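Here is the structure we will look at, set down as structure tokens.
The values are calculated or read from the model by the stated rules, or taken from the named source; none is laboratory data. The structure presented is a predicted model; accordingly, all values stated were derived computationally and were not measured. All Cβ positions, even for glycine, are placed from backbone atoms using ideal geometry, and neighbour counts span all protein chains on display.
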Amino acid sequence: MYATLLADARFHDLLLAFDHDLAEAARAEGCACGGRLHSARYRRKPRGRPCRLGPEHDWRLSFCCAVDGCRARKTPPSLRFLGRKVYLAATVVLIAILRHGPTQARMERLAQVVGVDRRTIARWRAWWREVFTATRFWAVARAAFLPPIDETQLPGALIERFSGDVQDRLIALLRFLGPITGGVRMRAF
Ligand SMILES: [Zn+2]
């Protein structure tokens with residue numbers, strides 16, 4: 001089940017490992033000016049984690065150009081942090097999925113475990129329907145899905161299109177969202 005995944009430290013370690021891979025790829029690319037990138041990670045302590053994790057989980061991996069006069073920041077995509085949202089990306093996705101249909105009781109239990117109130121859940125729902133669907137990322141990405149995704153059923157309608165077990169699907173969806181997780185200005189939650 002999705003809820004057990006969130007409580008599993010190994011799942012979070014896996015997300016962290018993916019983030020390190022994405023960060024390495026971004027560092028290897030270097031800055032747009034041709035400069036080398038230095039680590040400029042910053043502290044984030046996301047809410048919505050029902051298990052204890054080490055301090056290495058509390059950093060958003062990010063880089064800064066080493067060239068004087070440039071110093072541009074480059075923040076790679078992440079499977080853990082969804083833009084500036086204060087909750088863990090996996091939590092934002094899962095609560096919104098369980099919000100629909102017969103799984104509402106499970107959603108309420110999960111929301112209680114991770115400490116998400118009703119108003120936050122309502123805001124996430126609005127985010128999926130109004131903010132996410134208005135991104136340029138989604139305007140391009142949705143064309144790849146046939147039949148088209150029912151936008152009123154996001155993100156549940158999206159996760160169903162990925163294959164594998166629940167962990168595979170969730171990771172595939174978090175990876176899919178990668179382009180909107182780094183450096184892009186998003187409404188904070
Ligand atoms: Zn640069």
query = What's the number of the condition M107 fails, among (1) in contact with a Lys or Arg (Cβ under 7 Å, 6 or more places away or on another chain); (2) closer than 30 Å to R41 by Cα; (3) of a type in the set (A, V, I, L, M)?
reply = (2)
inquiry  = Condition first: at positive phi and at pLDDT 90 or above. Now tell me which residues in the stretch 156-187 satisfy that.
reply    = G164
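Here's the yes/no breakdown for (1) of a type in the set (K, R); (2) under 27 Å from W128 (Cβ atoms); (3) within 16 Å of the ligand (Cβ to nearest atom):
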| site | (1), (2), (3) |
| --- | --- |
| T4 | no, yes, no |
| R10 | yes, no, no |
| H20 | no, no, no |
| R44 | yes, yes, no |
| R49 | yes, yes, no |
| R60 | yes, yes, no |
| R71 | yes, no, yes |
| L82 | no, yes, no |
message = Residues that are more than 17 Å from G178 (Cβ to Cβ), in contact with a helix residue (DSSP H, G or I) (Cβ under 6 Å, 6 or more places away or on another chain) and within 16 Å of the ligand (Cβ to nearest atom): does the stretch 26-37 have at least one?
response = yes
ask   = When you look at A66, is it at pLDDT 95 or above and touching a His at 6+ places or on another chain (Cβ under 6 Å), yes or no?
value = yes
task = Please give the helices (runs of 4 or more DSSP H) falling wholly within the stretch 97-180 in which 1 or more residues are aromatic (F, W, Y).
result = 118-126, 136-141, 166-176
message = Please determine whether any residue of the stretch 51-58 is in contact with a helix residue (DSSP H, G or I) (Cβ under 7 Å, 6 or more places away or on another chain), surrounded by 14 or more Cβ atoms within 10 Å (Cβ to Cβ) and over 18 Å from G182 (Cβ atoms).
response = no
ask   = Is it the case that some residue within the stretch 151-163 is aromatic (F, W, Y) and either within 20 Å of G48 (Cα to Cα) or surrounded by fewer than 17 Cβ atoms within 10 Å (Cβ to Cβ) (or both)?
value = yes
message = Consider the stretch 161-171. How many of its residues are free of Cβ contacts under 8 Å to residues at least 12 places away in the same chain and touching a helix residue (DSSP H, G or I) at 6+ places or on another chain (Cβ under 8 Å)?
response = 3
message = Tell me whether the stretch 146-157 contains one or more residues that are of a type in the set (S, T, Y) and in contact (Cβ under 8 Å) with a residue 12 or more places away in the chain.
response = yes
task = Hey, can you tell me all the residues within the stretch 73-98 that are free of Cβ contacts under 8 Å to residues at least 60 places away in the same chain and among the small types (G, A, S)?
result = none
inquiry  = Could you go through the stretch 59-70 and let me know if any residue there is exposed (fewer than 13 other Cβ atoms within 10 Å of the Cβ) and among the small types (G, A, S).
reply    = yes
query = If we scan the stretch 68-84, do we find a residue that is within 18 Å of W127 (Cβ to Cβ) and out of contact with any Ser or Thr (no Cβ under 9 Å at 6 or more places or on another chain)?
reply = yes
